[in-house]
Amino acid sequence: MQRWHGTMLVIGVALFCVLFNIFLAKRLPLVEVLLLVIYVVGVFAIIIPLWILAPRASAHAVFTEFSNVGGWSTTGTAVMIGMSGTIASLAGFDCAVHMCK
C-alpha cells in the first residue's frame, strides 16, 4: 500500500459523508438503527466465541500468578508498563469524562 492510497481513502470517506449529509439526511435514523444492530450483533459475535473457546484457569491461578514475558527486569515493572495506557487516559484534564463512561 502506498502512502497516497491512505490520502485517497480519507478523501473518499469525507466525500461520502458530505454527499450523504446533503442528499440522504432523511435516511440518517435508519442508518443509525442499522449500525446499532450491526454493533450489538458484532459484540456478541466476538464475545461468544472468545468465551466458549478461551482456555480455562482456576481463580487462584488468575489472581495470584503473574508472568513477565516482556523481558522487563521485575514483574512490578512489567505491570506498570502494561498499565501506562490506562493511567494516561485517566490522568488528563478529561479524566472525569473517562471515569463517567
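Values quoted throughout were computed directly from the atomic coordinates according to the rules given, and no laboratory measurement underlies them. Remember, it's a predicted structure, so these values are computed and weren't measured experimentally.
Of note:
- Expressed per residue, the C-alpha convex hull volume of the range 1-84 stands at 213 Å³.
- Helical runs (DSSP H, four residues minimum) scored at -39500 (n - 2.57) apiece and divided by the length of the chain put the mean residue ellipticity at 222 nm at -23000 deg cm²/dmol.
- Candidates THR75, THR64, THR86, ranked by Gaussian network fluctuation over the chain, Cα under 10 Å, top entry: THR86
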